[in-house]
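Working notes, structure below.
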Amino acid sequence: MTGSRSDRIIQYGQAEGERPIGRSIMRGLACKCPACGEGRLFRAFLKPVDHCATCGEAMFHHRSDDLPPYLVILVLGHVIVGGYMMTDMVYPLPLWLTLSIWAPITVITALLCIQPIKGGVIGLQWAMRMHGFGGHDDNPEDFDHGNGAA
Ligand SMILES: [Zn+2]
């Protein structure tokens, strides 16, 4: 009885595979495909590949939008401001020297963090089957705010 409906559901479930959130985010943070962990996730600094070169998983429909820069600001805001305040208590410096030290540190660490954090966000969306990662498009009616035919 290999053609029964329950068999197909089991086969589909096995083919679909599990998507552990932690593993997917960690693979994204490493800038690797969240599905296989082997293929590159980015073709340019912040441009993800359309499809994974190793497993073929589609990446073009991710929608990380503003979450990666928000997370960079959230994390670096605490680390940089905390670091500035702690060092300022020990070594109070003139404002021009403080700015010339901490402004470049802020810019460089933000540029270093944004790509892995964007990869982690894409990994999260893939694990949660958001925005087409579940094999179907988002329901347009979810975004219809009364602009359709009355
Ligand atoms: Zn892959």
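Derived scalar couplings between HN and Hα for segment 18-24 equal 7, 10, x, 5, x, 5, 5 Hz in order, rounded to whole Hz, by the Karplus curve 6.51 cos²θ - 1.76 cosθ + 1.60 (θ = phi - 60°), x for Gly and Pro. Considering all different alpha carbon pairs of segment 10-137, the Kirkwood hydrodynamic radius works out to 16.3 Å.
Each peptide in 80-92, 99-111 was scored by the mean count of other Cβ atoms within 10 Å over its residues; highest first, the order is 99-111, 80-92.
Between amide H atoms placed 1.01 Å from N, distances below 5 Å from PHE42 occur with VAL49, all of them 5 or more places distant or on a separate chain.
Readers should treat all values here as calculations from the given coordinates under stated rules, not as data from a laboratory. As the structure is a prediction and not an experimental result, all values here were calculated from the model. All Cβ positions, glycine included, derive from the backbone under ideal geometry; neighbour counts span all protein chains shown.
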